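The values are calculated or read from the model by the stated rules, or taken from the named source; none is laboratory data. Keep in mind the model is a prediction, meaning the values are calculated, not measured. Cβ atoms come from the backbone with ideal geometry, glycine included; neighbour counts cover every protein chain shown. For the accessible areas, the whole protein counts, side chains as well, though only heavy atoms, and no ligand, DNA or RNA atoms are used. Shrake-Rupley method; radii C 1.70, N 1.55, O 1.52, S 1.80 Å.
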Amino acid sequence: LARPSIGDAERSAAQRVLSGTMLTGGAELTRFEERLAQTAERAHAVATSSGTSALELALWALGVGAGDTVLVTAFGFPAAANAVAARGATPIAVDIDTESWLMDVAAAERALTPSTKAIITIDQLGAVTSGTAIEALEASSGVSVLSDAACGFGGTDETGRASGAAGRMATFSFHPRKVITTGEGGAIVCDDAELAMQLRQLRNHGQA
């Protein structure tokens, strides 16, 4: 599907890390998170080892667990549904809008039940889910929306909002077939400082 484009700038960036004292975390990661937050129009970004781990940590932070259900876009990579199952919850597939190939928000509203703990939308093939629509659903239902923006990085919705800018949190993947790759890797973005701190602790076994 894609061939990585690795040039001198990428090799130099990797060499800076290899020449330093921190192979994980450190100043390079902090700069990456700051730039990522800016691109996604968010206050905070928390890098993870993969897009899937980003989804799992986000669901963990939302308290998703056994007995809960999570609405997931029916058409998309299975990482979102797998992350729900990994938390012991049940993914519920919601059909897409045939014009946009994105979650049908009206169908999602109809699928809500008392057990629905979260909703995961998926940006598809560069198309970005409407931030206005998912935030209206979040507000009316009281259920947190998690935007899987792995395939939308750098794109915008119909109002010009960046992929990842809407919902309680959004996640990204930096797998080699994504627009930006780190070989492997992912991230969670949000606007809540307390939530960002919780995510940083969860990714590192409780350490700040």
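If you compute Cα extents along the principal axes in Å for the structure shown, which of (i) 57, 49, 30; (ii) 54, 38, 26; (iii) 59, 45, 33 do you land on?
Identified label for the calculated read-out: (ii).
Would you mind working out the accessible area per residue for the chain, using a 1.4 Å probe, and quoting it in Å²?
51
In whole Å, largest first, what are the principal axis extents of the Cα atoms in the range 169-208?
Extents along the principal axes, in whole Å: 31, 22, 9.
Between ALA45, ALA93, ALA118, where does the largest GNM mean-square fluctuation fall for the chain, given springs only between Cα atoms within less than 10 Å?
Maximum fluctuation in the GNM of the chain, among the listed residues, is at ALA93.
Taking the Cα centre of the range 127-185 as the origin, how large is its charge dipole in debye, to the nearest 20, when only Lys and Arg (+1) and Asp and Glu (-1) carry charge on their Cβ atoms?
The calculation lands at about 160 debye.
For labels at GLU99 and ARG35 in the simple 7 Å Cα→Cβ model, what's the distance in nm?
Distance between the two pseudo-spin positions: 3.7 nm.
Tell me, what ³J(HN,Hα) does each residue in the range 109-120 have, in order and in whole Hz, if you take phi through Karplus 6.51 cos²θ - 1.76 cosθ + 1.60 with θ = phi - 60° and put x for Gly and Pro?
4, 5, 7, 5, 9, x, 8, 6, 9, 7, 10, 10
Which whole-number percentage describes the relative contact order of the range 1-94, with Cα contacts under 8 Å and a sequence gap of 6 or more?
RCO, the range 1-94: 20 percent.
Counting only protein heavy atoms and using a 1.4 Å probe, what share of the accessible area of the range 17-62 belongs to carbon plus sulfur, as a whole percent?
56
Taking the chain as a Gaussian network, Cα atoms linked when under 10 Å apart, which of THR182, THR69, THR159 shows the biggest mean-square fluctuation?
The residue with the greatest mean-square fluctuation here is THR159.
Say the dipole of the chain comes from +1 at the beta carbon of Lys and Arg and -1 at that of Asp and Glu; which of LEU125, GLY155, LEU23 then lies farthest toward its positive end?
LEU23
Can you tell which of ILE188, GLY76, GLY164 lies farthest toward the positive end of the dipole of the range 55-208, using +1 and -1 charges on the Cβ of basic and acidic side chains (Lys, Arg; Asp, Glu)?
Selected residue: ILE188.
Just the number: Rg to Rh for the range 15-69, Cα atoms, Kirkwood Rh, two decimals.
We get a ratio of 1.11 for the range 15-69.
Restricting to DSSP H runs of at least four residues, report the calculated mean residue ellipticity at 222 nm for the chain, -39500 (n - 2.57) per run over all residues, nearest 500 deg cm²/dmol.
Result for the chain: -10500 deg cm²/dmol, rounded to the nearest 500.
Compute, for the chain, the length of the dipole vector about the Cα centre, with Cβ point charges of +1 (Lys, Arg) and -1 (Asp, Glu) only. Units Debye, rounded to 20.
That gives the chain a dipole magnitude of about 680 debye.
Report, to two decimal places, the Cα Rg of the range 58-164 normalised by 2.2 N^0.38 Å (N = number of residues).
0.98
Pick out, in residue order, every one of the GluC sites (Glu not before Pro) in the range 117-175 that is DSSP loop and has at most 14 other C-beta atoms within 10 Å; say none if there are none.
Taking the range 117-175 and a limit of 14 other Cβ atoms within 10 Å, the loop GluC sites (Glu not before Pro) found are GLU158.
State the extension gain, in nm to one decimal, for the chain segment bounded by THR21 and ASP191, taking 0.36 nm per residue of separation less the distance between their alpha-carbons.
Extra length available between THR21 and ASP191 comes to 58.1 nm.
Of ALA133, ALA83, ALA27, which is the most mobile in a GNM of the chain whose springs link Cα atoms less than 10 angstrom apart?
ALA27
Considering only the range 1-126, what is the antiparallel percent among its DSSP beta bridges, to the nearest 5?
Given both bridge residues lie in the range 1-126, the antiparallel proportion sits at roughly 10 percent.
For SER12 and SER49, what is the calculated FRET efficiency with R₀ set at 30 Å and r taken between the beta-carbons, to the nearest 0.05?
For SER12 and SER49, the calculated efficiency is 0.80.
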